[in-house]
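Everything below concerns the one structure shown next.
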Amino acid sequence: MQIGMTLPCMVRGLDRKAIVSWCRGIDEGPFASLAVGERVTYHSTEMRTLLAAAAALTERARIIPTLYILPMHPTALVAKAVASLDVLSNGRVTITVGVGGREHDYRAAEKPFKGRFRRLDEQVAELRRLWAGEPPFAGADPVGPPPVQPGGPPIWSGAFEPKSLRRAAAWADGVMGFTTAGDAAEVAAAFELVRAAWRDAGAARATRMVTGFWYALGPGAEERLKSYVVDYLRLFGDKPARAMAERCRISSVERFRECTEAIAALGADELMLVPTTADPAELDRTADALAGCKGVA
């Protein structure tokens with residue numbers, strides 16, 4: 001199982017120095033990929049800006065938005081931005097797409113929340129058509145630049161539910177899930193839903209299985225982890241956010257290794273780590289914790 005690392009873009013106080021340190025540290029460390037998430041109505045750093053910076057500051061790690069809330073954006077602009085990112089990274093991009101769950105972000109982006117699932121499927125097909133060099137409409141020039149990867153970057157789905165997974169089976173090269181508690185039984189059930197959706201769709205190709213979790217290591221890890229989760233989920237109400245935070249317990253090296261090894265044993269292709277601090281020292285703590293983990297590449 002490979003290990004990916006998410007830039008701490010949702011953490012307050014992320015500055016230029018930290019961004020540079022994290023990007024270079026990820027590229028030089030035991031991490032296969034560098035990920036960035038998307039929110040609008042939050043204090044987070046803008047996703048596409050960080051992805052471009054990461055592509056320029058790294059040479060090896062894959063660059064992955066996790067996830068691009070596709071129905072919030074015009075398809076041609078996404079096609080152009082992602083193809084440009086593929087050029088900037090010299091073909092290291094994979095894009096994770098989904099519908100998100102925050103209506104406030106859609107309102108801020110001036111896009112309708114309703115109909116987002118249908119639009120997602122249509123937009124994925126349109127992305128691939130545009131990356132193949134077809135114009136967006138008759139008489140128009142193609143949307144360039146051509147991506148470095150023929151046909152465009154791989155597209156993963158951020159779907160969780162059976163209905164959404166059945167739709168994703170028609171087009172996704174991988175599925176990225178998430179476990180708040182790092183619970184192996186939860187991940188196993190999610191993986192089985194993915195496999196069932198692919199079987200039911202008669203999909204001949206194997207799909208890349210990815211999951212992730214929030215974690216914290218080092219001084220004050222437990223409190224930092226819970227505070228981060230409460231802040232991140234407060235949009236859904238203070239009580240639900242605090243209840244979810246109580247489920248998040250990956251705040252020690254022992255628990256981190258236990259969860260990582262359990263997920264590797266389930267056949268995950270990649271584990272995407274989501275840190276809860278902007279301190280670059282967390283990268284060293286994470287690398288040390290990963291050392292010797294069974295099943296980790």
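Tabulated values for the structure
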{"item": "With 10 Å bins from 0: P(r) over segment 194-252, alpha-carbon pairs, percent", "result": "21, 32, 18, 23, 6"}
{"item": "Exposed-site-free run, longest, the chain (rule: GluC sites (Glu not before Pro); DSSP loop; at most 14 other C-beta within 10 Å)", "result": "111-297"}
{"item": "Solvent-accessible area, 1.4 Å probe, carbon plus sulfur percent, for the chain", "result": "55 percent"}
{"item": "Loop-located trypsin sites (Lys or Arg not before Pro) in segment 147-218 whose Cβ has at most 15 other Cβ within 10 Å (DSSP)", "result": "Arg205"}
{"item": "222 nm mean residue ellipticity, helices alone, for the chain (DSSP H n ≥ 4; -39,500 (n - 2.57); rounded to 500)", "result": "-13500 deg cm²/dmol"}
{"item": "Mean Cα-pair separation over length for the chain, i.e. relative contact order, pairs under 8 Å, 6 or more apart, %", "result": "20 percent"}
{"item": "Listed residues Ala83, Ala53, Ala140, most fluctuating in the chain (Gaussian network, C-alpha, under 10 Å)", "result": "Ala140"}
{"item": "Rg/Rg_ref, the chain, where Rg_ref = 2.2 N^0.38 Å and atoms are Cα", "result": "0.97"}
{"item": "Two-decimal ratio, segment 220-268, of alpha-carbon radius of gyration to 2.2 N^0.38 Å", "result": "1.33"}
{"item": "Accessible area (Å², per residue) of segment 185-297, counting only protein heavy atoms and a probe of 1.4 Å", "result": "47 Å²"}
{"item": "Solvent-accessible ranking of Thr207, Thr96, largest area first, probe 1.4 Å", "result": "Thr207, Thr96"}
{"item": "Given charges at beta-carbon only (K, R positive; D, E negative), |dipole| of the chain in Debye", "result": "600 debye"}
{"item": "Per-selection Rg to Rh, segment 120-213 - Cα, Kirkwood hydrodynamic radius", "result": "1.08"}
{"item": "Filter on Lys111/Lys163; Lys17/Lys294; Lys80/Lys111 - keep pairs with C-alpha separation over 27 Å", "result": "Lys17/Lys294"}
{"item": "Inverse of mean 1/r across different Cα pairs in segment 1-87, Kirkwood, Å", "result": "13.3 Å"}
{"item": "Per residue accessible area in Å² of segment 4-145, where ligands, DNA and RNA are left out and the probe is 1.4 Å", "result": "43 Å²"}
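The values are calculated or read from the model by the stated rules, or taken from the named source; none is laboratory data. Note that the structure is predicted; figures quoted are calculated from it, not measured. No Cβ is skipped: glycine too gets one built from the backbone with ideal geometry, and neighbour counts run over all protein chains shown. Please note that ligands, DNA and RNA were not included when accessible areas were found on the heavy atoms of the full protein model with its side chains. Shrake-Rupley method; radii C 1.70, N 1.55, O 1.52, S 1.80 Å.
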